[in-house]
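First up is the structure itself, then whatever we jot down about it.
The values are calculated or read from the model by the stated rules, or taken from the named source; none is laboratory data. Just so you know, these numbers come straight off a predicted model, no measurement behind them. Cβ coordinates were reconstructed from backbone atoms using ideal geometry, including for glycine residues, and neighbour counts include every protein chain displayed. Quick note on the areas: whole protein, heavy atoms, side chains included, nothing else; ligands and nucleic acids left out. Shrake-Rupley method; radii C 1.70, N 1.55, O 1.52, S 1.80 Å.
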Amino acid sequence: MIIKTATFVCSNTQISALPAPTMPEYAFIGRSNVGKSSLINMLVNHHGLAKTSQRPGKTQLINHFLINESWYIVDLPGYGYAKVSKTSREKWEKFIRAYITKRESLQCVFVLIDSRLTPQQIDIEFCYWLGEIQIPFALLFTKADKQGMNESLKNVAAFKKKLSDFFEEIPTTIVTSAEKYTGKEEVLDFIYEVNKDFVKPIISKS
């Protein structure tokens, strides 16, 4: 897939205020500071699209980006550590879960995992939750350029082994690097294939 256009559409916390669910959407989420914004920018060839920050928890809204005038990337707030109040964090979690469970046009959740780390319980539990509510998801292991590939693959294997305790089939797994453009074609090919089967949801007028 060739990315021709990538434009910011809106940011909000209200599900009712999101764009009409008439095109396929792909949500990106992970622990704070996992490199989500950098990965999104790399995928769409637009280094200023998603705002990057050294401060974990900067993304606090549901951000929609329209790609090629035909599908959306949705940048969700990170889970886990962030220097915000418990009340704010609970508010994020509530609307993140509402978006994931209720959004008719959501095709896949890309769960971003730091490839430098051994399996983290918070990531495992989030994947379990997606499995329980039967939301399609794929695993994107980030920052593979920060260490040797063998070490990254070792951590990927350990994470997949953890998931095998719960899942009969492990979701699609892609190792990525925003710096080296590793995994870019694999992610875009995955989206391209899913887009081919997209059926516009029937929206109730009630």
In the stretch 168-185, anything in contact with a Ser or Thr (Cβ under 8 Å, 6 or more places away or on another chain) and either among the aromatic types (Phe, Trp, Tyr) or part of a helix (DSSP H, G or I) (or both) is listed as Lys184
Problem - Flag for Thr22 being surrounded by fewer than 21 Cβ atoms within 10 Å (Cβ to Cβ), touching a residue at least 60 places away in the same chain (Cβ under 8 Å) and under 20 Å from Phe190 (Cα atoms) - result: yes
Contact list, first residue from the stretch 177-201 and free of Cβ contacts under 8 Å to residues at least 24 places away in the same chain, second anywhere and surrounded by 16 or more Cβ atoms within 10 Å (Cβ to Cβ) and of a type in the set (A, V, I, L, M), beta-carbon distance below 6 Å, six or more apart or interchain, is Glu186/Ile174
Selection over the stretch 1-19 where residues are surrounded by fewer than 13 Cβ atoms within 10 Å (Cβ to Cβ), hydrophobic (A, V, I, L, M, F, W, C) and modelled with pLDDT under 90 yields a count of 1
Check your understanding: In this structure, does Thr59 turn out to be under 15 Å from the mean Cα position of the chain (by Cα) and modelled with pLDDT under 95?
Key -> yes
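Name the one entry in Asn33, Asn45 that is touching a strand residue (DSSP E or B) at 6+ places or on another chain (Cβ under 9 Å), open to solvent by 40 Å² or more (accessible area, probe 1.4 Å) and closer than 21 Å to Glu193 by Cα. Spell out the reasoning first.
Values: Asn33 fails: closer than 21 Å to Glu193 by Cα.
Answer to the selection: Asn45.
In the stretch 141-157, which residue that is touching a residue at least 24 places away in the same chain (Cβ under 8 Å), not hydrophobic (A, V, I, L, M, F, W, C) and not in a helix (DSSP H, G or I) is surrounded by the fewest Cβ atoms within 10 Å (Cβ to Cβ)?
Taking the candidates together, the pick is Gln147.
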